[in-house]
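Scroll down for the structure; my scribbles are underneath it.
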Amino acid sequence: MNANVKAEFVAGSEHQVDRETTYRIEQFLFREARMLDSERWEDWLALMTEDIHYWMPAIENRRRADKLGAYAPGRGAYFDDNHFDLQRRVARFMQPSAWAEDPPTRHVHVISNVEACPAEVDAEYRVHSVFVNYRSRGEADNDLILGRREDILRETEGGLRIARRKIVITQSLLMSKNINTFF
């Protein structure tokens, strides 16, 4: 990662939230992972705010001196979705005609290294985490996707909700046959 990317993941870490809030945030993220692993797509979608921006940029291999960096808004992305886009993806996953998911992919999402700090807006938290997504399908298709996430979680009447998610994977070339999951 270039210096700008490293700085993004460190920014704000000096003002951590208290243990109780950190615990609530961790439990929220762990519950989200379990929903994804259990294909509870509609429950997962309910964790998003109406103004969600769910972004997973494609990574470009660039030299450290290249000021463009490994990714940027407006360049290639695997996901660059709002709530409507996520609704369409979830609806597609649930269709009997989603042949790429019959038999279904088995997922394991592991979430770790959770750090939370107050965001710039009241009742929001900036949350950094790392993930491992292990996917297995059929007898021989196995994929391992690793990365970092930066979320903005918002307090709502219904509890915490995801308002922004940036997913930065380690792979510059995704070798998976498809990307039929969320991170």
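What follows is calculated from the coordinates using simple rules that are stated; it is not laboratory data. Since this is a predicted model, take the numbers as computed values, not measurements. Glycine also receives a Cβ, built like all others from the backbone with ideal geometry; neighbour counts cover every protein chain displayed.
Quick rundown of the values:
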{"quantity": "Net charge dipole size for the chain [Lys, Arg +1 and Asp, Glu -1 on Cβ; Debye, nearest 20]", "calculated": "700"}
{"quantity": "DSSP bridge pairs, the chain: antiparallel proportion in percent, nearest 5", "calculated": "90"}
{"quantity": "Among 17, 41, 100 the positive-end extreme of the charge dipole of the range 3-169 (Cβ point charges)", "calculated": "100"}
{"quantity": "Cα gyration tensor of the range 99-163 - equivalent ellipsoid semi-axes, whole Å, descending", "calculated": "32, 14, 7"}
{"quantity": "Cα pair distances in the chain, grouped into 5 Å bins until the bin that holds the longest one, percent each", "calculated": "1, 7, 15, 20, 21, 17, 11, 6, 2, 0"}
{"quantity": "Order of 107, 15, 83 - criterion: other Cβ atoms within 10 Å of each residue's Cβ, fewest first", "calculated": "15, 83, 107"}
{"quantity": "Exposure proxy order (Cβ contacts within 10 Å, fewest to most) of 44, 99", "calculated": "99, 44"}
{"quantity": "Value of relative contact order over the range 3-169, rounded to a whole percent, pairs C-alpha under 8 Å and six or more apart", "calculated": "24"}
{"quantity": "Inter-site label distance for residue 113 and residue 175 at 7 Å from Cα along Cβ, in nm", "calculated": "2.1"}
{"quantity": "Where labels lie 7 Å past Cα in the beta-carbon direction, separation of residue 144 and residue 122 in nm", "calculated": "4.6"}
{"quantity": "Residue order, fewest to most beta carbons within 10 Å, for 35, 56", "calculated": "35, 56"}
